[in-house]
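To keep things clear, I will list the structure first and then write my remarks on it.
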């Protein structure tokens, strides 16, 4: 299996945010190319434990092959100090409980598409490379992007274009796709990309008009929004006191979800202001460490253009006491 070509985004900032120490237990919820994982392993070993997950089996196998070549990590793989699992981020809670893991020091998730996936034409993620309309992280199950483009109704297509891609002409584009497939089903990435350009009002833009269409389909195929919400709500419960969670997003909608759930978990009482005492008993579980997201500097963007839309948010688990318990 070829080695990864993925470049980790905000590597220094992520490591500083997680505040990893030797002997810590860390969870990487989206292994990808493994760049952040290797940096984390350097900080928590010897003595640490590392649990990594990814829906893409190829990502897991590639990273395992990489660790098998390094003496200091090979034994850890075989003794269970390092555990690599093919699993969606939304299933991590169940997976950790099955492994009898109750508390961890740090949790990290990189929500971006890895360069390994994007550069492989057979995965169907890139509109610039001829390939099948797949876009699944887990190629062993689920609908493909081709299934959605060729069978979903106009309303559903318009919805995902609007919600996941912020596409202004979502309804018109969905209608055009449905009319076109009556004559000929969409089969390849370039076929779909060329058609979107031909019907888009932004076809002369410097950014290919199919970019957000591909993004929307990928997010729908892999249920990324739903997985993110489930993951965030589960993950915080596994953090030990002072443990940290860091999430790197590349889409404004995903960043809003991370921001919203972090804020929700950082808030205590939600009773109406007119209540003289708290009755809800809600406890704050997090302390926000990033009021505004951390973003890459111009130097990193120049070296790695795919980093330009990155947003990093970080929070810390706290010992919380509800308002009712304080009274």
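Things worth noting here:
- Three-way shape call for the range 139-221 based on the alpha-carbon gyration tensor, with the a/c threshold at 1.5: rounded
- The order of the peptides 68-76, 132-140, 212-220 by mean Cβ neighbours within 10 Å, most packed first, is 212-220, 132-140, 68-76.
- Between residue 242 and residue 119, residue separation times 0.36 nm minus the direct Cα-Cα distance comes to 40.4 nm.
- Ratio of Rg to Rh over the range 19-90 (Cα coordinates, Kirkwood Rh, two decimals): 0.93
- Linear extension gain, residue 151 paired with residue 71, 0.36 nm per residue minus alpha-carbon span: 23.8 nm
- Share of Cα-Cα pairs in the chain lying beyond 26 Å, as whole percent: 52
- Rg and Dmax, both from the Cα atoms of the range 162-208 and both in Å, are 10.9, 30.
- Beta bridge orientation in the chain: antiparallel %, DSSP, nearest 5: 40
- Kirkwood-Stokes translational diffusion coefficient of the range 269-319, alpha-carbon pairs, 37 °C, 0.692 mPa s, µm²/s: 231
- Sorted ascending by nearby beta carbons within 10 Å, beginning with the fewest, 25, 151, 79, 144 become 79, 151, 144, 25.
- More than 28 Å apart - percent of Cα-Cα pairs taken over the range 185-327: 41
Read-outs: derived from the displayed coordinates by stated rules, not from any lab. Computed from a predicted structure; not experimentally measured. Here the Cβ is made from the backbone with ideal geometry for all residues, glycine too, and neighbour counts use every protein chain on show.
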